[in-house]
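The values are calculated or read from the model by the stated rules, or taken from the named source; none is laboratory data. What you see is a predicted model; the values in this text were computed from it and never measured. Glycine gets a Cβ as well: all are built from the backbone with ideal geometry, and neighbour counts include every protein chain shown.
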Amino acid sequence: MTRWLLRLAVFMWLAAVGRDGLDRWIDSTVLPQLRTEASVEVRDRNDDLLRAYTMVDGRWRMPVTLDAVDPAYLQMLIRYEDKRFASHNGVDFLAMLRAAGQAARNGRIVSGGSTLTMQVARLLEDGSTGRWAGKLRQVRVAFALERRLSKDAILTLYLNNAPFGGNIEGVRAASYAYFDRPPRRLTPGQAALLVALPQSPETRRPDRAPSAATAARNTVLARLLRDGVLDSAAFAGATRDPVVRTRHAFPALAPHLADRAVAGDPRAGQHALTVDRQVQAALERLAAQAVAGRSDRVQVAIVAADHTTGEIVASVGSAAYQADGRAGFIDLTQAVRSPGSTLKPLIYGLGFDRGLIHPETLIADRPTDFDGYTPQNFDGLFRGELRVRTALQQSLNIPAVAVTQALGPYHLIAGLRRAGTDPRVPGGVPGLAVALGGVGMTLTELVQLYGAIGNDGRAVDLRWHAAPTPGFAPQSVINRAAAWQIADILLDVPRPAGVQGTGIAYKTGTSYGHRDAWAIGFDGRHVVGVWMGRADGTPVPGAFGGQLAAPVMFAAFARVKPQVDPIAAPPPETLILSTAQLPLQLQRFGGAAATRTLGPRIVFPPDGAVLDGPVLTAKVSEGRGPFTWLANGRPVARTHRAQVDISTLGPGFSSLTVIDADGRADHTQVALR
């Protein structure tokens with residue numbers, strides 16, 4: 001009895017020593033790098049994939065989490081590969097004994113004994129599966145992984161690193177490559193194929209060995225049927241599902257914008273855009289259709305945005321992202337071009353805002369010499385005297401230049417900058433030619449400008465990233481009454497033949513020499529801009545914005561949202577009168593000379609001044625009292641005196657307007673700090 005007890009004690013001591021030694025062996029394991037390199041991804045506002053990039057070595061490995069994978073696939077994987085995954089500590093000795101017995105009986109390896117954890121260990125170190133030293137290392141790393149990571153973390157490592165043939169690694173990349181869909185939406189047959197592929201990824205690739213892929217998939221399905229994971233109906237349907245023999249291209253939507261996002265933050269693994277994947281795809285198809293069949297190298301660019309938030313929902317830089325005769329790799333939403341007549345709404349809006357004109361004001365369209373500058377209308381004709389409303393709708397040049405002269409070209413440039421754009425003025429000194437396109441603008445900037453008009457005259461933070469642009473301070477470009485008046489006029493601009501486009505305010509433009517054709521429009525929520533021309537800036541004979549770009553713009557609106565959002569009702573301060581009912585000075589536009597002698601003029605603060613608050617002292621000269629002062633469109637004071645203290649302005653930019661007894665007005669922008 002004593003001898004038996006002594007032997008038991010020695011055995012237990014040896015077991016304890018062995019256990020402690022094993023623990024020390026496992027705990028001292030140096031694990032491989034767990035964070036592996038992955039493809040850079042660009043995703044849309046709903047976290048759907050827009051574009052992915054290969055890693056430096058040319059492999060596709062797209063990060064995925066458990067909740068982004070079809071639960072049925074996970075169930076199949078564990079049941080087929082490692083049914084005791086939830087209970088073992090890294091090594092399934094029963095499975096290893098079974099594999100050894102099968103190999104002894106058959107003289108070859110029939111099934112492996114590696115657990116999912118051991119496979120992860122091999123994948124992380126790219127180790128051998130056949131040599132005993134390699135197998136021992138896998139066992140050691142598997143034990144260590146189980147001690148330091150959760151089961152979910154280990155399974156996630158497998159999903160991200162398993163090989164699926166060629167340069168495809170990870171279940172997410174495989175799902176896109178073979179099924180053109182994310183792994184959260186797999187059929188039973190697709191899930192079974194993804195279970196089978198990592199066992200022999202090169203010999204079972206569906207794009208190169210469809211018969212072997214089908215047989216391997218069916219073997220997995222048969223085992224799952226036997227084990228009760230699938231019923232007979234699901235099994236029959238999955239085996240009938242053909243294995244697709246082609247490998248799909250990875251998503252490459254919004255490629256130009258994706259390139260800009262990656263270039264802006266090259267270290268980030270994921271980039272989230274405000275783009276809507278479905279809208280982006282629809283507008284890319286529209287862009288391709290717009291140039292299809294044309295042999296004149298005409299290109300197209302489209303930008304669509306929500307002007308209530310500033311978020312870009314689609315940005316199409318060219319008809320096709322490829323090195324073709326149209327220079328498809330160039331992002332033409334960023335190309336600086338002449339805007340043609342597209343600045344005219346801002347010109348008239350500034351005129352409304354400053355009380356120089358009204359939509360019903362009569363204005364002359366006749367040959368005019370503006371100090372040596374003698375512009376012509378596009379058709380060479382003149383209409384005589386007509387309403388401002390009609391002059392804008394017909395895009396007449398002489399009236400627009402006359403109003404620009406009264407405003408001063410610098411004020412037009414200042415208005416563009418308040419909208420958040422960066423107008424490029426040739427020589428740095430703006431002249432009257434800026435009214436007709438003598439300034440450089442991009443399509444994105446014009447969308448930002450028209451977005452401001454649609455947004456009650458306030459600048460929008462146009463962006464493709466969710467976070468607000470650092471340092472952007474929204475300013476009033478024109479007051480909300482003027483913005484509504486512009487929208488009301490543009491709603492009635494004639495549509496292209498065969499297009500209805502009800503509820504969309506829009507303007508077209510054609511630059512000098514027919515180099516650029518534009519169409520920009522907005523409704524109560526969205527703004528869409530289209531540019532068409534040649535990427536190299538050479539003329540496109542006979543191209544007009546109304547004929548070339550406008551139909552594409554209206555088609556884009558239909559794809560952004562099937563039904564347009566109505567433009568809001570006029571603000572209460574909007575002056576809605578006929579020409580005869582207007583104050584005498586507003587009935588007929590007198591030109592620059594009249595504006596210098598008529599009406600009030602704010603002498604302090606000057607336009608664009610930055611002052612210390614909280615009380616602002618404003619001064620007016622000329623005009624006839626009483627004077628009504630408005631801050632950001634709201635009345636704040638009424639006085640006969642030429643000076644008034646205003647204390648209702650908060651920090652930041654504000655719009656200040658004075659109106660005299662005859663309805664004449666002046667306007668300035670000021671910032672309090």
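Could you go through the range 73-82 and let me know if any residue there is among the β-branched types (Val, Ile, Thr), part of a helix (DSSP H, G or I) and closer than 23 Å to ALA153 by Cβ. Yes: the range 73-82 contains one or more residues that are among the β-branched types (Val, Ile, Thr), part of a helix (DSSP H, G or I) and closer than 23 Å to ALA153 by Cβ.
Of all residues in the range 418-440, none that is of a type in the set (Ser, Thr, Tyr) has its Cβ atom under 7 Å from the Cβ atom of a residue that is surrounded by fewer than 21 Cβ atoms within 10 Å (Cβ to Cβ) and part of a helix (DSSP H, G or I), 6 or more apart or on another chain. Taking the criterion of being of a type in the set (Lys, Arg) and within 25 Å of THR469 (Cβ to Cβ), the only residue of the range 268-305 that qualifies is ARG277.
Say we look at the range 554-573 and pick out the residues that are in a loop (DSSP other than H, G, I, E, B) and among the charged types (D, E, K, R); which of these is modelled with the highest pLDDT?
Just the residues of the range 554-573 that are in a loop (DSSP other than H, G, I, E, B), to begin with: 561-573.
Okay, now just the ones that are also among the charged types (D, E, K, R), so 561, 565, 573.
Details: LYS561: 92, ASP565: 96, GLU573: 93.
Per the criteria, the residue is ASP565.
Of ASN397, ASN377, all but one fail to be in contact with an Asp or Glu (Cβ under 9 Å, 6 or more places away or on another chain), polar (S, T, N, Q) and free of Cβ contacts under 8 Å to residues at least 24 places away in the same chain; the exception is ASN377.
Among the residues of the range 29-61, those identified as modelled with pLDDT under 95 and more than 22 Å from TYR321 (Cα to Cα) are THR29, VAL30, LEU31, PRO32, GLN33, LEU34, ARG35, THR36, GLU37, ALA38, ASP47, ASP57. Taken over the range 422-438, the criterion of being crowded, with 21+ Cβ neighbours inside 10 Å and farther than 19 Å from GLY372 by Cα is satisfied by PRO423 alone. Hey, does the range 403-415 have a residue that's crowded, with 21+ Cβ neighbours inside 10 Å and on the phi > 0 side of the Ramachandran plot? No, the range 403-415 has no match at all. Before we move on, is ARG185 within 21 Å of ASP67 (Cβ to Cβ), among the charged types (D, E, K, R), part of a loop (DSSP other than H, G, I, E, B) and in contact (Cβ under 8 Å) with a residue 60 or more places away in the chain? So ARG185 passes the test. The number of residues in the range 31-56 being among the charged types (D, E, K, R) and assigned to a loop (DSSP other than H, G, I, E, B) comes to 6.
For PRO201, indicate whether it is in a loop (DSSP other than H, G, I, E, B) and touching a residue at least 60 places away in the same chain (Cβ under 8 Å). Here the answer is no, as PRO201 does not meet what is asked.
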